[in-house]
Amino acid sequence: MQELEKLKVELKNINSEYSKIKDIAPEKRGEFGREINARKNEILAKIAEVEEALLDAEVEPLDITAPCAPNEKLPTFYDTLAGSEHPLMTELDRVINIYQSMGFDVMESRQLDDEYHMFDSLNFPKEHPARDGYDTFRTEEGLIPPAHTSTMQNRALKRFKHNLDEGKNIAVVIPGRVYRNEDVDATHEHTFYQCEGVYVSKDCTMGNMLGILREFFEKYYEQKLNIRTQPGYFPFTEPSLEFMIEKPKSLGGKKGDFLEMLGCGMIHPNVLKMAGINPEEYHGFAWGGGIDRLVMLRFGLKDVRNFESGNLNFLKEF
């Protein structure tokens, strides 16, 4: 590399010689020019030879993201710079740990899915207006970034169906990132996280579901909570409920202040059939709710956009 740089300096010096031609007697200019051209061609040939040798040589890959060259000391700035886990990931681990302590398996969601798992397997009939409530994005190939983690229900039921054959229950939670065609503001994001829950057994009831959800929220917010439900509508559950908790005292909640946290209900028989499970023999319930909102409420955050903003000042608070 040093030899190449030296040759380039020589070439630059030779090129500067051309400016002297005008000061040379006319009868000597031809000879002077031929000498310069010969020297220039000689150096150009050497440069080409060196460059070809460099191309053939094994060069150590250069990491353009590195803060300094290999074997050099990091700049002082990096001595005090430490990374940290994103608050959503920290809290998602906390959510998963609570459900695992209650005996649930964990299954990760997908970043892209298809029409069947997004709608068909969840009892959304073709052209049914209920599909409009899950306005989402699509790729050019027709794949769908999931609008809800419920896209994984069919896979979860099929994957853990062997539990039923062995006389056990299906109990699984499914965390994942979801996408909606939203007008982004302080309380709405186009990208956020959800956690789905699926439970199937021979004799489970809605009372079991409400007990599990109450236990989860009490452990998450570390206090006793009153709960409330109201009717809802989801094609994949029947009956369907909206689950609410009394606003935690840590957030300034008073008796009688309730917050809607997730949707839930008994798994529709058609959804069980699509997974090869006999709804005459088995019953199930499912729920799904946002992780971002859980975290916002726990820490009193006002703007959901901070989670996806990459704002280091915000992230450093955690």
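The values are calculated or read from the model by the stated rules, or taken from the named source; none is laboratory data. The structure presented is a predicted model; accordingly, all values stated were derived computationally and were not measured. Backbone-built Cβ (ideal geometry, glycine too); neighbour counts: all protein chains shown.
Here region 27-65 is the region considered, the condition is being among the basic types (Lys, Arg) and modelled with pLDDT of 85 or more, and the residue that is farthest from LEU11 (Cα to Cα) is ARG34. Does region 211-232 contain any residue that is under 30 Å from LEU143 (Cα atoms), buried (at least 21 other Cβ atoms within 10 Å of the Cβ) and at pLDDT 95 or above? No. Can you find a residue in region 259-269 that is crowded, with 16+ Cβ neighbours inside 10 Å, over 27 Å from ASN97 (Cα atoms) and more than 31 Å from the chain's Cα centre (by Cα)? Yes, that holds for at least one residue. Name the residues in region 138-165 that are outside any loop (DSSP other than H, G, I, E, B) and in contact (Cβ under 8 Å) with a residue 60 or more places away in the chain, would you? Within region 138-165, THR149, SER150, GLN153, ASN154, LEU157, LYS158, LYS161, LEU164 qualify.
Pairs are defined by a Cβ separation below 7 Å, a sequence spacing of at least 6 or placement on different chains, a first member in region 166-189 that is under 24 Å from GLN153 (Cα atoms) and assigned by TED's automatic domain parsing to the domain that holds GLN153, and a second member that is among the hydrophobic types (A, V, I, L, M, F, W, C) and modelled with pLDDT under 80; the pairs so defined are TYR179/PHE137; ASN181/PHE137.
Take region 244-268 and flag every residue that is among the charged types (D, E, K, R) and in contact with a Gly (Cβ under 8 Å, 6 or more places away or on another chain). Step through it out loud before you land on a result.
Here is the first cut: in region 244-268, the residues among the charged types (D, E, K, R) are 246-247, 249, 254-255, 257, 260.
Matches in region 244-268: GLU246, LYS247.
Based on this model, can you work out whether ILE245 counts as of a type in the set (Val, Ile, Thr), in the same structural domain as GLU281 (by TED's automatic domain parsing) and in a helix (DSSP H, G or I)?
Numbers: of a type in the set (Val, Ile, Thr): yes; in the same structural domain as GLU281 (by TED's automatic domain parsing): yes; in a helix (DSSP H, G or I): no.
In short, no.
Wholly within region 248-318, which helices (runs of 4 or more DSSP H) include no fewer than the required count, namely at least 1 residues that are of a type in the set (S, T, N, Q), over 27 Å from LYS224 (Cβ atoms) and touching a residue at least 12 places away in the same chain (Cβ under 8 Å)?
Values: elements: 269-274, 291-299, 306-309, 312-315.
Of the helices (runs of 4 or more DSSP H) lying wholly inside region 248-318, those with at least 1 residues that are of a type in the set (S, T, N, Q), over 27 Å from LYS224 (Cβ atoms) and touching a residue at least 12 places away in the same chain (Cβ under 8 Å) span 269-274.
Does GLY310 satisfy the criteria of being modelled with pLDDT under 95, loosely packed, with under 15 Cβ neighbours inside 10 Å, on the phi > 0 side of the Ramachandran plot and over 30 Å from the mean Cα position of the chain (by Cα)?
Working: modelled with pLDDT under 95: yes; loosely packed, with under 15 Cβ neighbours inside 10 Å: yes; on the phi > 0 side of the Ramachandran plot: yes; over 30 Å from the mean Cα position of the chain (by Cα): no.
For GLY310, the condition - modelled with pLDDT under 95, loosely packed, with under 15 Cβ neighbours inside 10 Å, on the phi > 0 side of the Ramachandran plot and over 30 Å from the mean Cα position of the chain (by Cα) - is not met.
Residues in region 13-42 that are exposed (fewer than 10 other Cβ atoms within 10 Å of the Cβ) and basic (Lys, Arg): 1 in all. Filtering region 1-27 to residues that are more than 16 Å from ASN37 (Cβ to Cβ) and in contact (Cβ under 8 Å) with a residue 24 or more places away in the chain leaves MET1, GLU3, LEU4, LEU7, LYS8. Note on region 174-198: residues that are over 23 Å from LYS161 (Cα atoms) and either in contact with a Cys (Cβ under 6 Å, 6 or more places away or on another chain) or among the hydroxyl-bearing types (Ser, Thr, Tyr) (or both) amount to 4.
Filtered by the rule that a residue be outside any strand (DSSP E or B) and of a type outside the set (A, V, I, L, M, F, W, C), region 194-211 gives LYS202, ASP203, THR205, GLY207, ASN208, GLY211. Scanning region 297-307 for residues that are closer than 19 Å to SER84 by Cα and surrounded by fewer than 13 Cβ atoms within 10 Å (Cβ to Cβ) yields nothing. Taking region 181-221, which residues are basic (Lys, Arg) and more than 30 Å from ASN306 (Cα to Cα)? Once the filter is applied, which keeps residues that are basic (Lys, Arg) and more than 30 Å from ASN306 (Cα to Cα), region 181-221 yields only LYS202. In region 69-103, the qualifying residues are those that are in a loop (DSSP other than H, G, I, E, B) and within 25 Å of TYR179 (Cβ to Cβ), and the one that is modelled with the highest pLDDT is HIS86.
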